[in-house]
Amino acid sequence: MECSGVTLAKSHLDGLGAFAKIKKEPVSLTPGFDKVLDIENLARVSGLSTFLCNKDFSFYMDAKTENIFLLSQIHSNKFVYIDDKYRSKIKPKADAVITNQKNLPIAVLTADCVPILICDNKKNIIAAIHAGWKGAFKGIIGKVIKFMIKKGCKIDNINVAIGPSISVKNYEVREDFKKKLIKKDKKNQKYFKNKKNKLYFDLTKYIYALLLENKIKNIDNLKVDTFDIKNKFFSARRSLKLNHDDYGRNISIIMLN
């Protein structure tokens with residue numbers, strides 16, 4: 001089997017699928033996906049599925065829209081594992097999902113936080129992580145990787161794509177936030193920048209470092225800023241700055257073919 005995924009951008013790593021950008025930003029897109037989402041720049045990665053997102057949010061992934069497995073995300077370090085024994089019909093409160101099931105698209109929603117797609121092509125296990133600073137700080141990345149290894153995955157076979165998220169130049173934070181991270185590890189000082197009396201945090205760099213700490217070698221960091229409207233991704237911080245009543249969500253999907 002191969003695995004394929006969508007994080008609304010393109011990854012070059014084999015096994016992490018075809019990715020596409022949002023074509024235009026609707027006024028609102030709720031987690032229920034009841035608004036139209038158009039995408040452009042449809043890409044194809046060698047040997048993997050091509051994805052198409054249309055008005056009913058169905059993807060040509062040999063799976064129906066209603067089968068996309070979503071979470072009730074709570075900025076935690078909790079994950080759920082979906083195997084052939086999983087029977088729950090309730091959307092789990094968690095921020096990562098892992099599965100070994102074929103033709104089951106798993107997904108996370110983001111609007112500045114970091115979406116992470118993970119695939120082990122040899123063991124045929126995939127994962128999708130919603131990694132905001134809270135989840136990352138609480139160790140969700142390490143927990144997911146350790147579980148995958150427990151299930152037989154090998155570090156050398158694990159591919160990871162870091163999807164679109166807010167860039168350091170647009171992620172202003174407060175001093176108490178900095179103190180919290182540095183209290184945990186003094187090395188976290190390097191993820192902060194001061195500019196014109198304002199403090200900024202490099203969330204993506206922090207996530208990347210956590211992946212390296214977990215011995216992950218095959219990492220594709222897309223480096224797409226959700227805050228920059230030219231990239232046509234939803235951004236919570238941009239919407240708040242523009243005094244919008246609501247903001248949409250970007251979806252990142254991966255599936256075993």
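The values are calculated or read from the model by the stated rules, or taken from the named source; none is laboratory data. It should be emphasised that the depicted structure is a prediction, and the values quoted were computed from it without experimental measurement. Cβ placement follows ideal geometry from the backbone for every residue including glycine, while neighbour counts extend to all protein chains displayed.
Inside region 182-233, counting only strands (runs of 3 or more DSSP E) that do not spill past its ends, which hold 3 or more residues that are without any contact (Cβ under 8 Å) to a residue 40 or more places away in the chain?
Counting at least 3 such residues, we get 192-195, 198-201.
So, Lys232, is that one closer than 21 Å to Leu117 by Cα and surrounded by fewer than 16 Cβ atoms within 10 Å (Cβ to Cβ) or not?
No; evaluated as a whole, the condition is false for this residue.
If you go through region 130-179 one residue at a time, how many are crowded, with 18+ Cβ neighbours inside 10 Å, part of a helix (DSSP H, G or I) and aliphatic (A, V, I, L, M)?
Selection size over region 130-179: 7.
Which ones in region 208-257 are within 27 Å of Ile68 (Cα to Cα), hydrophobic (A, V, I, L, M, F, W, C) and touching a helix residue (DSSP H, G or I) at 6+ places or on another chain (Cβ under 6 Å)?
Ile219, Val224, Phe227, listed by residue number.
Within region 100-107, is even one residue touching a strand residue (DSSP E or B) at 6+ places or on another chain (Cβ under 8 Å) and surrounded by 24 or more Cβ atoms within 10 Å (Cβ to Cβ)?
There is at least one residue in region 100-107 that is touching a strand residue (DSSP E or B) at 6+ places or on another chain (Cβ under 8 Å) and surrounded by 24 or more Cβ atoms within 10 Å (Cβ to Cβ).
Which residue, of Ile90, Ile39, is in contact with a strand residue (DSSP E or B) (Cβ under 7 Å, 6 or more places away or on another chain), surrounded by fewer than 22 Cβ atoms within 10 Å (Cβ to Cβ) and either more than 24 Å from Leu211 (Cα to Cα) or modelled with pLDDT of 95 or more (or both)?
Sole residue among the options that is in contact with a strand residue (DSSP E or B) (Cβ under 7 Å, 6 or more places away or on another chain), surrounded by fewer than 22 Cβ atoms within 10 Å (Cβ to Cβ) and either more than 24 Å from Leu211 (Cα to Cα) or modelled with pLDDT of 95 or more (or both): Ile39.
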